[in-house]
Amino acid sequence: MAQWNQLQQLDPRYLEQLYHLYNDSFPMELRQFLAPWIETQDWAYAANKESHATLVFHNLLGEIDQQYSRFLQENNVLYQHNLRRIKQNLQSKYLEKPMEIARIVAHCLWEEQRLLQTATTASQDGQAIHPSGPVVTEKQQMLEHNLQDIRKKVQDMEQKMKMLENLQDDFDFNYKTLKSQGELTQDLNGNGQAAAVRLKMSQLEQMLSALDGLRRQMVTEMGGLLTAMEFVQKNMMEEELADWKRRQQIACIGGPPKICLDRLETWITSLAESQLQIRQQIKKLEELQQKVSYKGDPIIQHRPALEEKIVDIFRSLMKSAFVVERQPCMPMHPDRPLVIKTGVQFTTKVRLLVKFPELNYQLKIKVCIDKESGDVASLRGSRKFNILGTNTKVMNMEESNNGSLSAEFKHLTLREQRCGNGGRTNSDASLIVTEELHLITFETEVYHQGLKIDLETHSLPVVVISNICQMPNAWASILWYNMLTNHPKNVNFFTKPPVGTWDQVAEVLSWQFSSTTKRGLTIEQLSTLAEKLLGPLVNYSGCQITWAKFCKENMAGKGFSFWVWLDNIIDLVKKYILALWNEGFIMGFISKERERAILNPKPPGTFLLRFSESSKEGGITFTWVEKDISGKTQIQSVEPYTKQQLNSMSFADIIMGYKIMDATNILVSPLVYLYPDIPKEDAFGKYCRAEAIEQPDLTDPAHVQYLKTKFICVTPTNSGNTSDLLLMSPRTLDSLMHNEGTEANPGPMESLTLDMELSSDVASPM
């Protein structure tokens, strides 16, 4: 199936990303009209060889002419008009720059392939059409079928056990009756009743043969049933439970939160119940064998092995069913689990997926840290910690909404063990503190039906920080670890961190937005970030990114790393511009070249919002179109607004009130339409703060009237790309807006206000 046809069948959430991919540079209509031909061309080669690009571009124009002829024959006036406009636009833009259109098409095709791959992977992971509904895969259906089959066989075994018991009771009664009458020891050759005794003996032999046959059938079927249980259990743990653990990792770093354990708990509990039933049946065999036994008894031969096997299987099931349902997390930072600050409370929750009511309030859980990796930690110079707070808890079914057997720890803290060299056991430690990984372990003992089982599970590796300023780098470590490995406890991961591919990194970066806002990153936004990390390329798929490149090395020409820059932008979005981001008003990540390309054909007053590339702390700016005196298009930007400025005034208010002061002191607003053509009042009006209108009490003799003041952002035309927040009265603002450039001497209030406007200081209210 053609690539374009496959794209049309995607879920709407993927189609939305596809829509963002196309614009006037390469219209979606053209992609639709010429889909088969476009997909057969080598655009990547053309993007790097001008002669081939020229040939392909002229062939493209020819294909457009042929398609136009088809529409002409069909009398499709609308398509004729659109295609003619598209051709004229392409000729004006790319006739002298054919490599540029080749690069754009190559990039679009690559992004389409990536989108298809993402959708396919999501579908295989059970995240496709209805991500919120219960998705049952073919493997899960087979698993449920196997569990039903096991339950049925256990019930059948129960019936056969009763048959065996009845048959044995009959044999035992007849045998003891003959024995009590002394007939078994009589001389059969000299007794007149020899024939009757032989008949009874023959009947006993037949009964014993039937008993032996049924016993052999029972132990054989039990062996087969245990093998089936072992197979189902292995699949359940190695596939379903392992898949849940991987999904939990993904959810921890912002991915889809498909981590419900209820279905898995139902399966595991069902299997555990069947195992205990078959264990009781094996014990029943022992009882039967103690009552009646004989030479070659299959119970004597096979029961010990069956008992040992069922105990091993059940013990393994219980150990695997003890899991960390909710990974350690500080309540003040719910979106960044697995990062723990010393002295700050964190919570976590464990759960036993075998839901036996008789275990309620029977299991006491103890928490410790670095139990297994203590020696390794000492060798590599890592810090050591003690767990404080309520570090023991009894599992119960009352605290959970679904009645699961669990224990939630709500009052845990970590304290570093201080050593002579400041807490680190080795002064030449190879890892920085935000690369140290630690394991929190949970352990308990189960006593059930005569069995003692030691249970132990552990959290995903956590990073322990001592200052909140370490949070960004610590979170980067958590992202990198859980993105690249499903190893449960590789605390030495960062001694030699593996590289990631751009496809992996792109998905995780988008999750950082979608997990805390209503929007992830579009393909175009991700492409801009890829260029920041890897430089300009036609195809980023498969490109490798090192841990140092992602988090530790400074970006080219910058004094900070890629992750520090991006993390501050994420923080900026969440705290200051969340509503605007959720609305899709912020283009955000866009190169300056791309910005200029899409704004150039737009009318004056069109503007877009993007993140600053030069601000380490995170900044947002707007760029707009204006015409100079000669009518030439100019693209202007304002100095980025940072968190400090946004603390004083919302970004929506800044946009709505932003003015340019020209040389004649006339204030004008250069921002009219949000790209592509949304009136700024429609986009930002509802997010502006309504001015409070207070009616003064004129009867109060102590009342003093003050002029109302208002913050506005003004950029003098001779001041470059800077802006100041100025405080002035509405009357003064109104006079400035209606000033036609006269040279009349302003009054004292206006004169003072003008002085404030031209100063870089913020004026005080009068």
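The values are calculated or read from the model by the stated rules, or taken from the named source; none is laboratory data. Since this is a predicted model, take the numbers as computed values, not measurements. Note: ideal-geometry Cβ built from the backbone for every residue, glycine included; neighbour counts use all protein chains shown. Ligands, DNA and RNA are stripped out before the accessible areas are found, and what is left, the full protein with its side chains, is counted by its heavy atoms. Shrake-Rupley method; radii C 1.70, N 1.55, O 1.52, S 1.80 Å.
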Somewhere in segment 55-64, is a residue outside any helix (DSSP H, G or I) and without any contact (Cβ under 8 Å) to a residue 60 or more places away in the chain?
no
Say we look at segment 53-79 and pick out the residues that are open to solvent by 40 Å² or more (accessible area, probe 1.4 Å) and aromatic (Phe, Trp, Tyr); which of these is modelled with the highest pLDDT?
Tyr68
Please enumerate the residues belonging to segment 41-52 that are part of a loop (DSSP other than H, G, I, E, B) and open to solvent by 40 Å² or more (accessible area, probe 1.4 Å).
Gln41, Asp42, Asn48, Lys49
Just wondering, is there one or more residues in segment 39-53 that are under 21 Å from Leu95 (Cβ atoms) and among the β-branched types (Val, Ile, Thr)?
no
The correct count of residues that are open to solvent by less than 10 Å² (accessible area, probe 1.4 Å) and over 19 Å from the mean Cα position of the chain (by Cα) in segment 498-532 is 1
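Rundown of residues vs (1) open to solvent by less than 10 Å² (accessible area, probe 1.4 Å); (2) at pLDDT below 95, yes/no style:
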residue: Lys295; (1), (2): no, yes
residue: Ile299; (1), (2): yes, yes
residue: Ser316; (1), (2): no, no
residue: Ser320; (1), (2): no, no
The one condition Ala597 fails out of (1) among the aliphatic types (A, V, I, L, M); (2) at pLDDT 90 or above; (3) part of a helix (DSSP H, G or I) is (2)
Under 6 Å between Cβ atoms, at least 6 apart or on separate chains: pull out the pairs that start in segment 87-99 with a residue that is in contact (Cβ under 8 Å) with a residue 24 or more places away in the chain and end on any residue that is in a helix (DSSP H, G or I) and open to solvent by less than 90 Å² (accessible area, probe 1.4 Å).
Lys87/Ile64; Tyr94/Glu100; Tyr94/Ile101; Pro98/Ala53; Pro98/Thr54; Pro98/Phe57; Met99/Ala53
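Residues of segment 606-618 being open to solvent by 10 Å² or more (accessible area, probe 1.4 Å) and more than 11 Å from Ile569 (Cβ to Cβ), which ones?
Applying the first criterion (open to solvent by 10 Å² or more (accessible area, probe 1.4 Å)) to segment 606-618 yields 610, 613-617.
Passing the criteria: only Ser614.
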Looking only at segment 114-136, decide whether some residue is outside any helix (DSSP H, G or I), more than 30 Å from Ala35 (Cβ to Cβ), modelled with pLDDT under 85 and of a type in the set (Val, Ile, Thr).
yes
Selection count where residues are over 14 Å from Ile577 (Cβ atoms) and surrounded by 20 or more Cβ atoms within 10 Å (Cβ to Cβ), scope segment 622-637
3
Checked against (1) more than 30 Å from Asp335 (Cα to Cα); (2) among the polar types (S, T, N, Q); (3) open to solvent by less than 50 Å² (accessible area, probe 1.4 Å); (4) touching a residue at least 40 places away in the same chain (Cβ under 8 Å), Ser591 satisfies every condition except (1)
Residues located in segment 92-118, provided they are among the small types (Gly, Ala, Ser) and buried (at least 20 other Cβ atoms within 10 Å of the Cβ):
Ala102, Ala106
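Does Leu15 satisfy the criteria of being open to solvent by 60 Å² or more (accessible area, probe 1.4 Å), among the hydrophobic types (A, V, I, L, M, F, W, C) and out of contact with any Lys or Arg (no Cβ under 7 Å at 6 or more places or on another chain)?
Here the answer is no, as Leu15 does not meet what is asked.
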Checking Asp172 against (1) in a helix (DSSP H, G or I); (2) among the charged types (D, E, K, R); (3) at pLDDT below 75, which single condition isn't satisfied?
(3)
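Quick grid of which residues meet (1) touching a residue at least 12 places away in the same chain (Cβ under 8 Å); (2) assigned to a helix (DSSP H, G or I); (3) surrounded by fewer than 20 Cβ atoms within 10 Å (Cβ to Cβ):
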position: Pro604; (1), (2), (3): yes, no, yes
position: Ile620; (1), (2), (3): yes, no, no
position: Glu639; (1), (2), (3): yes, no, yes
position: Ala652; (1), (2), (3): yes, yes, no
position: Ile655; (1), (2), (3): yes, yes, no
position: Ala683; (1), (2), (3): yes, yes, yes
Scanning segment 229-268 for residues that are in a loop (DSSP other than H, G, I, E, B) and among the hydrophobic types (A, V, I, L, M, F, W, C), the one most open to solvent (accessible area, probe 1.4 Å) turns out to be Cys260
Selection from segment 575-588 of residues that are open to solvent by less than 60 Å² (accessible area, probe 1.4 Å) and of a type in the set (Phe, Trp, Tyr)
Trp581, Phe585
